[in-house]
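Encoded as structure tokens, the structure appears first; notes follow it.
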Amino acid sequence: MFKNLLLDNLTIGILVLNQEFEVKYLNKYMKEILKQYFKNIDMKYFKISDTLKNKLGKLHLEVKECEIEIDKEKYIQIEFHDVSRLKNLEKDLEEKSKHKNKLVAMLDTVQDFIFYLDSEGRLEYYNKAYAEYLNMPHENLYGRKEIEFFSEEMTKKCLENNRIAFEEGNFYEEEYLDGRWYQTFKSRVDLDNNEYGILAMIKEVTEYKKKSLDLKEKIYKNLLTGIYNRNFYEEKIREIFKENTEKTFSMMLIDIDKFKEINDSRGHDTGDLVLKKLANVLKSSIRKNSDYIIRMGGDEFCLVIEADLEDLKRIYCRVEKEIEKQNSIREFCFGISTGLVQRKSGEKLDNFYKRADIELYKKKKNKFN
């Protein structure tokens, strides 16, 4: 009466006992359980005790009992559910929760700003440093957008950054803000449930940037005069000329007259003083950031400006007047010779410099011959 194809195909064990605990029916899955876990069990009689239940619990088998009636006879139906998968899932979730909590705790110790935005730009995660930077209680941040924290200009910038990260996968920027340097990294994250968002990190690099700029100062600056050196000319000026082939530039090469005699007669300390004085005169005579003063070596200086020859001649006049003024109030005097040229259309730097050097040579020849 208990033969049932449906019961034999269930993935739970079914055991039916009469009132005397005689086994009246075992489905296929139940037979497999008994063979696997109960080698010495009496298959004719089967009684559920607390000891047996404990043993089944350790095997991840959950037992359910109920009374059934068939043809006016009462039976005990016992179901054995395999909950091992559920137990494993619970264990996995517990482990993941532990890892997640550990990760969150670790990220909260990081001074960089770390946060996650969903596809609509809402905050779904933020570490302690970012919350403190926004100066808002943690509970007031979740689900809010950047437009609620920043100025209109900053919000516009953030939205553009997010757009680039969503479309291109990554965004990077280094910027100077409120006296500090920051690096911003944003990456698109695609999740398993077809959702996506942006994982972002903002790192302050002010001290690193200062060291980097100090290093550049040492690489590109002449220590004695504080102006650019030959390295700057060969790398930066050459790069500017390559990128701006049609722009108008003018160059003035400068030599200190009889500089060797100054060194020989008055000593190198006086020679160094003359070099520094000329550098200061040139610095006070230029007009804007696109004017570059370079000590090429020895007593040779180079002035490059983004302007025509007439503008360069006006700078030269200021330099001449300032040197005359300096000579009138010092016990020693110095003079300069110059070569002034304007760049031809598309002219390369080496040829441009060569023409200025030729003009300088002509001036010196006329002055001392």
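Only the coordinates and a few stated rules stand behind these numbers; no lab work does. Only a predicted model underlies this, so the values are computations on that prediction, with no experimental measurement involved. Here Cβ is always computed from backbone atoms with ideal geometry, including for glycine, and neighbour counts include all displayed protein chains.
Glu124 to Val63: FRET efficiency via 1/(1 + (r/R0)^6), r the Cβ-Cβ distance, R0 51 Å, to the nearest 0.05? For Glu124 and Val63, the calculated efficiency is 0.75. Straight-distance candidates among the aspartates and glutamates for linking to Lys203, with alpha-carbon spacing under 12 Å and chain neighbours fewer than 8 residues away dropped: Asp112, Glu173, Glu174, Glu175.
Using only C-alpha atoms and all pairs of different ones, pull out the Kirkwood radius for the stretch 204-292 in Å with one decimal. Evaluated over the stretch 204-292, this radius sits at 15.6 Å. Between the listed residues Gly226, Ala129, Phe149, the Cα displaced farthest toward the positive end of the dipole of the stretch 110-250, a dipole computed from Cβ unit charges relative to the Cα centre, is found at Gly226.
For the pair the stretch 104-152 and the stretch 337-367, the centres of their Cα atoms are 59 angstrom apart. Which links in Lys283/Lys354; Lys209/Lys354; Lys156/Lys247 stretch past 31 Å when you go from one Cα to the other? Distance filter (> 31 Å) returns Lys209/Lys354; Lys156/Lys247.
Highest mean packing comes first when the peptides 190-197, 122-129 are listed by Cβ atoms within 10 Å, giving 122-129, 190-197.
Which links in Lys218/Lys276; Lys288/Lys348; Lys288/Lys313; Lys325/Lys363; Lys276/Lys348; Lys236/Lys363 stretch past 19 Å when you go from one Cα to the other? Violating the 19 Å Cα-Cα cut-off are Lys288/Lys348; Lys325/Lys363; Lys276/Lys348; Lys236/Lys363.
Treating each Cα of the stretch 108-208 as an identical point scatterer and summing with the Debye formula, the log10 of I(q)/I(0) at q = 0.13, 0.15, 0.16 Å⁻¹ comes to -0.45, -0.60, -0.69. Evaluated at q = 0.15 Å⁻¹, a Debye calculation over the C-alpha positions of the stretch 221-368 (equal weights, vacuum) places log10 I(q)/I(0) at -0.75.
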